[in-house]
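The values are calculated or read from the model by the stated rules, or taken from the named source; none is laboratory data. Computed from a prediction, not measured in an experiment: that's the story for all the values here. SASA here: full protein model, heavy atoms, side chains in, ligands and nucleic acids out. Shrake-Rupley method; radii C 1.70, N 1.55, O 1.52, S 1.80 Å.
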Amino acid sequence: MSKKQKKMLARILVSAALLVGFGFLPITGVLRFFCYLIPYLVIGYDILIKAFKGIKNRQPFDESLLMAVATIGAFAIAVYDSARGGGAGTLAGHEGGDYTEAVAVMLFYQVGEWFQSYAVGRSRRNISELMDIRPDYANIESGGGLEQVDPDEVEIGSVIVVQPGEKVPIDGIILEGNSTLNTSALTGESLPREASEGDEVLSGCINMTGVLKIRTTKEFGESTVSKILDLVENASSRKSKSEEFITKFARVYTPAVVYSAIALAVLPPLVRMLALGMSAEWGTWVYRALTFLVISCPCALVISIPLSFFAGIGGASNAGVLIKGSNYMETLAQTKYVVFDKTGTLTQGVFEVDAVHHNKMEERKLLEYAALAESASSHPISRSLLRAYGREPDRTRVTEIQEISGNGVTAKVDGVSVAAGNDKLMRRLGIDYIDCHRAGTIIHMAIDGEYAGHIVISDVIKPHAQEAIASLKRSGVERTVMLTGDMKKVAEHVAEQLGIDQVYSGLLPADKVSKVEELLEQKPEKSKLAFVGDGINDAPVLSRADIGIAMGAMGSDAAIEAADVVLMDDDPLKIVKAIRISRKCLRIVYQNIWFAIGIKIICLILGAVGIANMWLAIFADVGVMIIAVLNAIRALFVKKL
C-alpha cells in the first residue's frame with residue numbers, strides 16, 4: 001500500500017470514528033454544526049479544493065463539483081432545519097440529520113476513491129514488475145576495476161561486465177563467460193536459459209550465476225528493454241471505443257444533470273406557488289435536487305471503464321503478453337480469423353534430420369558420409385546434417401569436393417565417392433532413386449555410384465503449436481489460415497499435422513499482403529482478422545491485418561514497431577491467452593457499463609419523485625462505483641490454459 005493510500009485510509013477511519021462518536025453525544029445547535037464540520041473537512045477538504053480549482057479553470061463539471069454542491073447543500077439544509085426548530089419544511093426528520101448525511105456522502109465517496117486507487121495500484125504493480133527490468137547502471141572495466149556508468153552513456157561496440165545477480169543493461173553478444181539467465185521479466189516464464197560465449201543476450205534478463213563480458217550491439221535507447229518499457233508506458237494512451245464513448249458521455253452528461261438538478265430545485269416550487277397556489281416547499285425540492293446530484297455522479301463509469309482496460313493490460317503484461325493499447329484489446333476480443341506465417345511462428349525455423357529411408361547401410365554411417373561431404377558448405381541443410389552427425393567433422397578425410405548449384409555436392413570421403421543432393425543430382429549422375437512419401441527436404445545419397453537411400457530434413461513444429469490451434473477453435477475462432485513461401489507438399493503436411501483450416505503456399509512477402517487483403521474482404525464486417533508472424537519479415541502483413549501479433553519477437557525492431565500485440569516468447573499458446581484476456585476484459589467493461597447506467601436511471605427516477613433519500617443516493621453513487629471497481633480488478637487475474 002502506498003503512502004498516499006495509507007494517508008487516505010487514516011482519513012477515512014478518523015472521519016468515520018468522529019461521525020459515529022458525535023452521533024452519541026447530546027449536542028445541539030451551533031456546536032453540533034461545528035462538531036460535524038470537523039469530520040466533513042477531514043474527509044472532504046481535497047474534494048472541495050478540486051471543485052474550486054475546476055470552477056477557477058472554467059472546467060467545473062466533474063464529480064468533485066457534484067460532491068461539493070450536494071454535501072454543502074445538505075449542510076445548508078441542516079442549518080435551515082435547525083433554525084426552524086425542526087418544524088414545517090424540515091427535511092431530515094430530526095435536528096442535524098443532514099449533517100450526518102453530508103459527512104456520510106463525502107465519506108463513502110472517498111471510500112470508493114480508495115478502492116479505485118487500490119485497484120490501480122494492483123494493476124501498476126503487475127506492470128511495475130515488468131518495469132523492474134529497467135537497469136540502473138552498466139559496468140565498464142576501468143583501471144583494473146569496474147566503473148558503474150549510466151546505460152545511456154554506453155556506445156555500440158563497448159564491452160560491459162554483468163556480475164551474478166545483476167540485470168543485463170543493453171543488448172549484446174557474450175565475449176567471455178557462461179551463465180544462467182532469468183528471462184521471466186521478458187517472457188513471463190520462470191524457466192532459466194543457459195548462455196555461453198557467442199550467444200546473443202537481451203537487456204532486461206537477470207544474470208544468475210557466472211560473470212559475463214558482453215559486447216553491446218545496440219544503444220540503450222534502442223535496446224529491447226527500452227522498447228518494451230516505452231510500449232507499456234504508452235499503452236494507456238491508445239483508447240478503445242468504449243473509453244472514448246465514456247469520455248464523450250461524461251462531457252455531455254455531467255452538465256446536463258447539473259442543469260436538471262437546478263431545474264428540479266426551482267421549477268416545481270414555482271409551479272406549485274404560482275400556478276397551483278400551493279406552498280412552494282422549497283426545502284423539499286432542494287433536498288430532492290441534491291439527492292439527484294449525488295445519484296447522477298458518473299464515477300462508476302468514468303473510473304471503472306478505463307480501470308478495467310488498465311487492469312487487463314497489467315494482467316496481460318504479467319503473463320508475457322504486451323498489448324499496445326485498450327483499442328487493440330477491444331479488436332483482439334473480436335478476432336474470428338487467425339492467419340499464421342509458418343516459419344518461426346508455427347515451426348521453429350530450425351531444420352533437423354527427421355528420418356532416414358531406404359538406407360542400404362547403417363543409418364549412422366550414412367549420416368556420417370552425408371555430413372562429411374557437406375562439411376565445407378554453410379547452407380542450412382549442411383548445418384542440419386552436421387547436427388545430426390553430432391561430432392566435429394574431420395575435413396582431412398574429405399577430398400575432391402564439388403558443389404553443384406541447385407543440385408547438391410559430390411566428394412570423396414576416405415577415398416569413397418559420395419553424392420548428396422536432390423533428385424536433379426541423381427538424374428545428373430544417372431542413378432536410379434526412390435521418391436520419398438514424406439514432406440520435407442529430401443537428400444538422396446549415392447555411394448560409389450549406387451543409390452544408398454535418402455535423408456529427410458524437416459522444419460520442426462513447435463511443441464505447443466497443435467494444442468494452440470485446437471484451443472483457438474475451442475475459443476470461438478472460426479477459421480485458421482497458414483501462409484508460407486514453402487512448397488505445397490511441405491505446407492499441406494504441416495497444416496494437416498496442426499489442424500489448420502486453410503493453407504496458401506509458395507508465397508512471396510508481397511503475396512502474403514495480397515492474401516490477407518483478400519481474406520479481409522471475404523470475412524464478415526464485425527469479425528476481426530489477426531495475423532501472427534515472427535516480426536522480422538512480416539512487418540507489412542502485421543500492419544495490414546486488423547490486429548498484428550508478433551511472437552518470439554524480443555529484440556526484433558520490426559515486431560515492436562509493426563505489431564499491435566507482442567508475445568514475449570515464441571509459445572503459440574500465448575495467442576490463445578491474449579485473446580482470452582481481451583475477451584474477459586471486454587465482458588467486464590460491458591458488465592460495468594450496463595450495471596452502472598441501469599442503477600443510475602432507476603435511482604434518478606426515484607430521486608426525482610422523492611422516493612429516494614440521500615442514503616440511497618450514496619449507494620447509487622459510491623456503492624455502484626465500489627462494485628464496478630471490484631469487478632474491474634478481476635481483469636488482473638489470468639487463468640492458466
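Below is a table of values for the structure above.
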| read-out | value |
| --- | --- |
| Angstrom value of the Kirkwood radius, inverse mean 1/r, which spans all Cα pairs in region 452-545 | 14.6 |
| Accessible-area order (highest first, 1.4 angstrom probe) of the listed residues His464, His437 | His437, His464 |
| Most to least accessible of Trp114, Trp282 (protein chains only, probe 1.4 Å) | Trp282, Trp114 |
| From phi via Karplus (6.51, -1.76, 1.60), per-residue ³J(HN,Hα) for region 517-525 in Hz, x at Gly/Pro | 4, 5, 5, 4, 6, 6, 6, x, 4 |
| Amide H within-cut-off set for Ala452, under 5 Å, with H built and near neighbours excluded | Met445, Ala446, Ile447 |
| Region 346-448: Rg to Rh, with Rh as the Kirkwood radius over Cα pairs | 0.93 |
| Amide H contacts under 5 Å for Asp486, placed H, 5+ residues apart | Gly506, Leu507 |
| Amide proton proximity set for Glu176, modelled H, under 5 Å, gap of 5+ | Lys213 |
| Solvent-accessible surface (1.4 angstrom probe) belonging to Thr343, in square angstrom, nearest 10 | 50 |
| Zero-based 5 Å bins, Cα pair distances in region 382-423, whole percents | 6, 21, 25, 31, 16, 2 |
| Karplus 3J(HN,Hα) series, Hz, for region 395-412 with 6.51 cos²θ - 1.76 cosθ + 1.60 (x for Gly, Pro) | 6, 5, 7, 10, 9, 6, 6, 9, 9, 9, 4, x, 10, x, 9, 10, 6, 10 |
| Taking region 491-553 and dividing mean pair separation by its residue count, relative contact order in percent (alpha carbons under 8 Å, at least six apart) | 27 |
| Once the Cα gyration tensor of region 386-535 is diagonalised, semi-axes √(5λ) in Å | 42, 16, 14 |
